[in-house]
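The structure under discussion appears below in the form of structure tokens.
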Amino acid sequence: GESVGLHLPTLSVQEGDNSIINCAYSNSASDYFIWYKQESGKGPQFIIDIRSNMDKRQGQRVTVLLNKTVKHLSLQIAATQPGDSAVYFCAEISYGGSQGNLIFGKGTKLSVKP
Amino acid sequence: SQTIHQWPATLVQPVGSPLSLECTVEGTSNPNLYWYRQAAGRGLQLLFYSVGIGQISSEVPQNLSASRPQDRQFILSSKKLLLSDSGFYLCAWQSQETQYFGPGTRLLVL
């Protein structure tokens, strides 16, 4: 079936460096993508989203890139801070599916070294 | 602004006991509501979703059930808990395409 996965389960970066978290998706019909951040013991928090008619979107210190040719999504975090340590999930939605429900990847754990 | 609440925050229950987890949303009307389960170090598994009062859709066969007695209330239940029901339960509400999550309930079945 269609799925969303992540290239790396863990990522360790130095404080102040840029982080790049990757996500591969298999449903070429997906219309909308979201990145969530989940800190330990808490619910996922919305970070940024992007629609399939865009290839880049920027937020505060975060940028999401979408490459539909290779079905790849990435989240870039600039000047990574200790507070960025968390698990990051990508999620996709295809409006052709039942109720347009989100499909989540397994997550990448980001650790920031001081 | 919209807020979503879940309780209890943590729960330890013996095998075979009943379960009731509650989720409420404030600041919105007729939201789509979702229940997810997250095993340790794993992704989110959709359990149930609801588009309105009394309307429940189940994504996977399981030991759990859900109900929506009021517009902004979503309840997850079980008559007899199994060890495999342990996990982190998350409720979410949907605005347009985006889902926003509650703080979660950590359930440990012993």
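The values are calculated or read from the model by the stated rules, or taken from the named source; none is laboratory data. Just so you know, these numbers come straight off a predicted model, no measurement behind them. Cβ sites come from the backbone with ideal geometry, for glycine too, and all protein chains shown count toward neighbours.
Hey, among the residues in the stretch A:1-20 that are β-branched (Val, Ile, Thr) and modelled with pLDDT under 95, which one's nearest to the chain's Cα centre (by Cα)?
Taking the stretch A:1-20 first, the residues β-branched (Val, Ile, Thr) are A:4, A:10, A:13, A:20.
Next, from what is left, pick out any that are modelled with pLDDT under 95: A:4, A:10.
Working: A:Val4: 10, A:Thr10: 13 Å.
Filtering the stretch A:1-20 for residues that are β-branched (Val, Ile, Thr) and modelled with pLDDT under 95, the one nearest to the chain's Cα centre (by Cα) comes out as A:Val4.
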Check: Does A:Ser30 fit the bill of being at pLDDT 95 or above and either surrounded by 12 or more Cβ atoms within 10 Å (Cβ to Cβ) or touching a strand residue (DSSP E or B) at 6+ places or on another chain (Cβ under 7 Å) (or both)?
Finding: no
Notebook entry, point to check: in contact with a Lys or Arg (Cβ under 9 Å, 6 or more places away or on another chain) and among the charged types (D, E, K, R): does that describe B:Arg106?
Noted result: no
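Please determine, by comparing only the residues of the stretch B:51-65 that are at the interface with chain A (Cβ under 10 Å from one of its Cβ atoms) and either in a strand (DSSP E or B) or within 23 Å of B:Ser17 (Cα to Cα) (or both), which one is farthest from the chain's Cα centre (by Cα). Break it down into steps so the answer makes sense when it comes.
Here is the first cut: in the stretch B:51-65, the residues at the interface with chain A (Cβ under 10 Å from one of its Cβ atoms) are B:51, B:57, B:59.
From the residues that got through so far, the ones that are either in a strand (DSSP E or B) or within 23 Å of B:Ser17 (Cα to Cα) (or both) too are B:51, B:57.
On the way: B:Val51: 14, B:Ser57: 13 Å.
The qualifying residue farthest from the chain's Cα centre (by Cα) is B:Val51.
May I ask you to list the residues in the stretch A:64-98 that are polar (S, T, N, Q), out of contact with any Ser or Thr (no Cβ under 7 Å at 6 or more places or on another chain) and either in a strand (DSSP E or B) or modelled with pLDDT under 90 (or both)?
Applying the first criterion (polar (S, T, N, Q)) to the stretch A:64-98 yields A:67, A:69, A:74, A:76, A:80-81, A:85, A:94, A:98.
From the residues that got through so far, the ones that are out of contact with any Ser or Thr (no Cβ under 7 Å at 6 or more places or on another chain) too are A:67, A:69, A:74, A:81, A:98.
Selection gives A:Asn67, A:Ser74, A:Ser98.
Residue-wise test of (1) without any contact (Cβ under 8 Å) to a residue 24 or more places away in the chain; (2) within 13 Å of chain B (Cβ to nearest Cβ).
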| residue | (1), (2) |
| --- | --- |
| A:Ser40 | no, yes |
| A:Gly43 | yes, yes |
| A:Arg51 | yes, yes |
| A:Leu66 | no, no |
| A:Ser74 | no, no |
| A:Ser85 | no, no |
Next item on the list: Say whether the condition of being at pLDDT below 95, under 30 Å from A:Thr108 (Cβ atoms) and facing another protein chain (nearest Cβ under 10 Å) is met by at least one residue in the stretch B:5-21.
Entry: no
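If the requirement is being within 14 Å of chain A (Cβ to nearest Cβ) and touching an Asp or Glu at 6+ places or on another chain (Cβ under 6 Å), which of these qualifies: B:Leu46, B:Leu33? Break it down stepwise before answering.
Values: B:Leu33 fails: touching an Asp or Glu at 6+ places or on another chain (Cβ under 6 Å).
That would be B:Leu46, the only listed residue that is within 14 Å of chain A (Cβ to nearest Cβ) and touching an Asp or Glu at 6+ places or on another chain (Cβ under 6 Å).
In a strand (DSSP E or B), basic (Lys, Arg) and within 14 Å of another protein chain (Cβ to nearest Cβ): does that describe A:Lys109?
Working: in a strand (DSSP E or B): yes; basic (Lys, Arg): yes; within 14 Å of another protein chain (Cβ to nearest Cβ): yes.
So A:Lys109 passes the test.
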Margin query: I'd like to know if the stretch B:84-100 contains one or more residues that are more than 12 Å from the chain's Cα centre (by Cα), charged (D, E, K, R), within 14 Å of chain A (Cβ to nearest Cβ) and not in a strand (DSSP E or B).
Written below: yes
